[in-house]
Amino acid sequence: MNILFRAAVLAALMLASCAAAPSDDQDAEWASLRSLSFKEMSKGDIPNPERGFLSHIEIFSNGSMTPLSNSVFESSRLLGQRLIYTIYYMPDFIGGPISDSFLSLVDTNMGRIRENGFKCVLRFAYKRNYTEFDHPWDASPEVVNGHIDQLAPILRANSDVIFCLEAGFVGTFGEWYYTDNYVYQPKTEADYEPRRQLLKKLLRTMPETRQILVRYPAAKTAIYGITAADSITVATAHDGSDISRTGHHNDCFVSSANDVGTYANNVERKYVYAESRYTIWGGETCALTPYCECSLTLPKCEEHHMTYLNLNYHTSVISRWRSQGCFSEISRRMGYRLSLEKAMLSKNPMPGENMKIVLKIRNSGYAAPMNPRAVEIVIVDSDGTKTVHPVADADPRFWFENTTSVVETEMRLPDSFGNGSRLYLNLPDPEKSLHDNPAYSIRLANDGVWEEASGYNLVCTF
């Protein structure tokens, strides 16, 4: 083993030793337990799954059929990214079925995403221009439905690496605006019916664990026949309903007073602010204006519960954030940022007996983790024996921003437990295909706790 690595591991183990004296500020409810305190890293972004800045990749049906290369992911990895944005433009199929070769390309790219430890924000569209010379801007509902049927097996088979699906298909860029076939600038219930049917089909196509994001809040309220007062609440969040699975993407964030038509009024803004606590919110900027000054942007990141943002567009806005000094904070806090505040454990735990475990976890990010996430306590004994204890009633989707959440459980210690045993918190992807891949586990924002080889976060050694 590398000497420097051994030294780092030893330092981490000493830092988190369960033999440390209990702190003086134990919570009264758990006063009988041994208490260990932790500090969040003061700075530094952490490459974690399902959050953060992402790079933008466009794939065209009339372009190269070469799959995504490993170098694409390596470049993103060097930027600290674990998400990639893939949009598939299909001008060749605007009047008929998707070719087998293009379907194969989509499937192959999904495999490349998985092999490289990434997930994608995914969208499909037909045209990326909206001049009069570019008609038709999109396909008919009949053709779109056929395309979704063709894509469905691929989307389901690869849903483990699809962070979210932007609704797409309608209009130029798939942004649900410049459209020939889905009613341009819809106003009535009848106008929205084609979009309602499309969203319903996408929701039925993707597993219940995945969200579909729409471009405009007015589209969601009209499709579901609700008002801005009918926002998702903590009681209805993540309940599997269509409304709870429909989030928002804003492709002109902080680009004008109404984000270039994204919001018709402040009521719609507040509606998105409220329910983006429970649904995915992401997108991109689109213009350099006074509205993207750091002083105005930072509050908007918090209010929108920003989870992801395109790093490639608009580059002038990103440059402004860098020059004004807020880029690092946005990058660090985008999505979730979880850190261990305190661990409280039974004193003098013995093999074969139950041990009480209480973990206090702080989220200093903009949003909670938005997709299902497993929570496990793992004991690794000095001989390498591993005991995994799932905490079934813990749900990180409710570990909200600027909040400390509590994980409380009891686990039976293995007979092999003793000096040198280590206790970890593991936050793996619950999908069977990804569960044991450390690239998809959440790293806590504490120094000296992350074990890269396993994807575990060290709480203490005994």
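List of remarks:
- Cα gyration tensor, the range 110-254 - rounded (a/c under 1.5), prolate or oblate: oblate
- q = 0.30 Å⁻¹, the range 77-120: log10 I(q)/I(0) [Debye, one scatterer per Cα]: -1.08
- Centre separation in Å (Cα based) which lies between the range 116-165 and the range 22-89: 24
- Taking 31 Å as the limit for the C-alpha separation, the pairs Lys360/Lys432; Lys43/Lys360; Lys200/Lys432; Lys347/Lys432; Lys356/Lys432 exceed it in the case of Lys347/Lys432.
- Checking [x] 75, 46, 42; [y] 80, 60, 41; [z] 70, 49, 43 against Cα extents along the principal axes in Å calculated from these atoms, the matching label is [x].
- Cross-link pairs Lys39/Lys300; Lys187/Lys300; Lys39/Lys342 - those with Cα-Cα distance over 20 Å: Lys39/Lys300; Lys187/Lys300
- Fraction of antiparallel bridges per DSSP, the chain only, in percent to nearest 5: 55
- Gyration tensor (alpha-carbon) shape descriptor, the range 363-462, a/c threshold 1.5: prolate
- By accessible area, using a 1.4 Å probe on protein heavy atoms only, the range 207-331 has 55% of its surface on carbon and sulfur.
- Per-residue packing, averaged as other Cβ atoms within 10 Å, sorts the ranges 249-256, 363-370, 231-238, 198-205 into the order 363-370, 249-256, 198-205, 231-238, beginning with the highest.
- Inter-part distance, the range 407-430 to the range 189-241, computed on C-alpha centroids, equals 40 Å.
- Taking GluC sites (Glu not before Pro) across the range 396-462, the ones in a DSSP loop with at most 16 further Cβ atoms lying within 10 angstrom of their Cβ are Glu452.
- Normalised by the number of residues in the chain, the average gap of Cα pairs under 8 Å and 6 or more apart makes the relative contact order 16 percent.
- Asp27-Asn419 FRET efficiency (beta carbon distance; Förster radius 30 Å; 0.05 resolution): 0.65
- Peptides 289-295, 111-117 ranked from most to least packed by the mean count of surrounding Cβ atoms within 10 Å: 111-117, 289-295.
The values are calculated or read from the model by the stated rules, or taken from the named source; none is laboratory data. Small disclaimer: the values here were computed from a predicted structure and weren't measured. Positions of Cβ are generated from backbone atoms using ideal geometry, with glycine treated the same way; all protein chains shown enter the neighbour counts. When the accessible area is computed, the model is the full protein with side chains, heavy atoms only, and any ligands, DNA or RNA have been set aside. Shrake-Rupley method; radii C 1.70, N 1.55, O 1.52, S 1.80 Å.
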